[in-house]
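These notes are about the structure you will find just below.
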């Protein structure tokens, strides 16, 4: 197995008495990895530790095989898109990207070409000579992504790339992230508090909450593992839940439905029997692919 | 006749396999960016007004001298130290306005974050910005001094002989220029590191220097009294002027209080370098102190703010 891009062992970061990250172990392989967690979970702190901007309180991390703290050389191979605004409004996108490429170590002549290429890839070719102050939020997000990629990094860390975007802009940004990973071959770590973003974009997921990792693995494993059936009945829901319980099937009320997490296909026969036994009027019985939100429910009760 | 078919290929994403300059390239590009920012290059006309005014105010006095020296048969010579005394406050004024342009927009727009995740340390960032500022200021300053040298040599009876006799002025005015420009660039940069508003940074620096000058002047004011004696000669009262006695408000401590005028700290060293034979009141007082004192005072005024500037960026959370 190839060396992980990022590896953390007992990684801990305290800000005074506040514990931002506690005893984190993770291995990030090539591809797109999602760092999922609510605000304040420690995602941005983890990214800053991997970028070498913060010194860990305890534990250690390696990024591209090297310790990142104060390691200037490693930053030539990393890209970073911060969550917050970070664009100088008095420059054009072309000037800004060219400058960022040069500050990443690329000579001026090549930097201008890279800037033009990247703006084309993020769909801002026509707008490249406009001042950044004239850009919409969606366009600014794309420039932020472009600056993270302009020096052709091995890996890019994207902190909440869809923050502040409307649904259409969010879809566009996620599409760009997928292209960056799949077509450009650049490894990505994406942080988000939105499960949909991670689910639709990432190959792997690391769920983080309160500074600790709750789960990590392939997204497909999670969604498969949490395959759920929804039973919509007009009446006798409580009786149905009790009957399912008698047959050894755990269920819960989910909106207007009774949700059942299936362990095996044989349990579908048990559901049929429970429905027959309780005489509940069945409106719908449908499988629903599990969602990452199930992970939170499972871990936070 | 066959016609070649033109086709457009989308090459897709191309990985970069050209040269990478690393930290040195990163530093150089930030330095060039700072240099261009100071001069307003690549920006609108308004951005060029301030550097143009700075150059004009600093270079105009020696340029006028040069014209007079060229036109008049015998012209007055001007000392390099006097020009520094005249221009250092102007330089400080312009530096107070220009320095915030180098640091504050980056912090306010949070572009600093993007610099610090590239092959640059916080130290590199500050040094690149400051050294570009120092270079521009030093070039303007030295240009004025070169004009003075030319004007003085033209004003002399024999220009060649004058230059042979006074060639040591060249390393002197270069050294004094470095001392003055390090001072006038470091303090405004340090102040700009602690505020988000350019006007506040500029106003603070200007106010600090404007206030300390009269404060020092008041504390070192000299009072002179002359005694008058009356005598009767041949039946007439004759008034005789006695010896004039001068003393300063703060007595012997005046030589210390003169240091309060922080804007003069670098020009005191310039006076020492040129061994100025026409010193002003402040220089006379400073000359009473051991030479190590004004040197240490200057060092403190430069190293203190410089260290604060580096500390601020080292501790900056992004």
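Every number here is computed from the coordinates shown, using simple stated rules; none is lab data. Because the structure is a prediction, the values reported are computed rather than measured. As a convention, Cβ positions derive from the backbone with ideal geometry for all residues, glycine included, and neighbour counts pool all protein chains shown.
For chain A, the longest principal axis of the Cα atoms and the long axis of helix A:237-246 meet at an angle of about 90 degrees.
Of the residues A:188, A:32, the one with the fewest other Cβ atoms within 10 Å heads the list, and the complete ranking is A:32, A:188. Measuring r between the beta carbons of residue B:196 and residue A:17 and using R0 = 25 Å, the FRET efficiency lands at 0.35. Radius of gyration over Kirkwood radius for the protein assembly as shown, both on Cα atoms: the Rg/Rh ratio is 1.20.
Remark: spin-label model distance residue B:170-residue A:113 equals 4.4 nm, labels positioned 7 Å along the Cα→Cβ axis. Each Cα pair under 8 Å and six or more residues apart adds its sequence gap; the mean of these over the residue count of the range A:103-259 is a relative contact order of 14 percent. Helix B:198-219 and the longest principal axis of the Cα set of chain B meet at an angle near 10°.
Please identify which residues in the range A:159-186 have an amide N closer than 11 Å to a label point set 7 Å out from the Cα of residue B:7, following the Cα→Cβ vector. So the set is empty, nothing qualifies. Between residue A:136 and residue A:72, the FRET efficiency estimated from the beta carbon spacing at R0 = 35 angstrom works out to 0.55.
If R0 is 22 Å, the Cβ-Cβ spacing of residue A:120 and residue B:41 corresponds to a FRET efficiency of close to 0.25. Of the residues A:244, B:41, the one with the fewest other Cβ atoms within 10 Å heads the list, and the complete ranking is B:41, A:244.
Subtracting the Cα-Cα distance of residue B:314 and residue B:234 from 0.36 nm times their residue separation leaves 20.4 nm of extension gain. I want the antiparallel fraction of DSSP beta bridges within chain A, as a percent rounded to 5. About 65 percent, rounded to the nearest 5. Once both labels are positioned 7 Å from their Cα atoms along Cα-to-Cβ, the gap between residue A:182 and residue B:70 label points is 7.1 nm.
Here the gap between residue B:295 and residue B:15, fully extended at 0.36 nm per residue and compared with their Cα-Cα distance, gives a gain of 95.3 nm. First check a/c for the range A:1-93, with a ≥ b ≥ c the square roots of the eigenvalues of its C-alpha gyration tensor; if it is under 1.5, answer rounded, and if not, answer prolate when a/b is larger than b/c or oblate otherwise. Oblate shape, in that a/c is at least 1.5 and b/c is the bigger or equal ratio. Sorting A:154, A:63, A:24 from the fewest to the most surrounding beta carbons within 10 angstrom yields A:154, A:24, A:63. Label-to-label distance for residue B:275 and residue B:135 is 3.5 nm, based on points extended 7 Å past Cα in the beta-carbon direction.
Averaging Cα coordinates gives a centre for the range A:245-288 and one for the range B:55-127; these two points are 79 Å apart. For the range A:74-140, the gyration tensor built on C-alpha atoms gives an oblate shape. Its axis ratio a/c (a ≥ b ≥ c) is at least 1.5, and a/b is not larger than b/c.
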